[in-house]
1. Quick one: dipole size for the stretch 3-76, taken about the Cα centre, charges +1 on Lys/Arg Cβ and -1 on Asp/Glu Cβ, in debye to the nearest 20.
2. Neighbour counts of other C-beta atoms within 10 Å: give me 20, 63 arranged from fewest to most.
3. Using every Cα-Cα pair within the chain, state what percent have a distance larger than 22 Å.
4. For residue 72, what is the net charge nearby, where nearby means another residue's Cβ is under 14 Å from its Cβ and Lys, Arg count +1, Asp, Glu -1?
5. Applying a 10 Å radius around every beta-carbon, put 35-46, 3-14 in order of their mean neighbour count, most first.
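Any read-out appearing in this document is the output of simple, stated calculations on the displayed coordinates, not a laboratory observation. Computed from a prediction, not measured in an experiment: that's the story for all the values here. Here the Cβ positions follow ideal geometry from the backbone for every residue, glycine too, while neighbour counts run over all protein chains shown.
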Amino acid sequence: MSATRRLIEKIRGFQVGDYVRVRTPFEGIFYGEVLELRDWFNPLEEKYERLAKIQIRNPRVTVLIPLDDEIWEVRLARRRKK
């Protein structure tokens, strides 16, 4: 990953409309667009989590992914939505 994208992530974070790359331990890598960002209170851990609602291109599925989780790695994508 380039230093520029890392710096953009650090400064402004993810915003609605960004195209992201998600790496999962189960399905591999997929790309999608951020539709919504929300703060959700997790009653089990008794803290707030930041969730991203991402629409995957192929197949057309919408998923909620925790941004602060060690299992899911969410980064800005190099390629943009076509």
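1. Working: 13 positive and 13 negative charges, 92 e Å.
The calculated dipole for the stretch 3-76 is roughly 440 debye.
2. 63, 20
3. On the way: 776 of 3321 pairs.
Distances greater than 22 Å cover 23 percent of the Cα pairs.
4. On the way: positive: 21, 23, 50, 53, 75; negative: 27, 49, 68, 69, 70, 73.
Local charge sum for residue 72: -1.
5. Numbers: 35-46: 9.8, 3-14: 11.5.
Highest-to-lowest ranking by the protection proxy: 3-14, 35-46.
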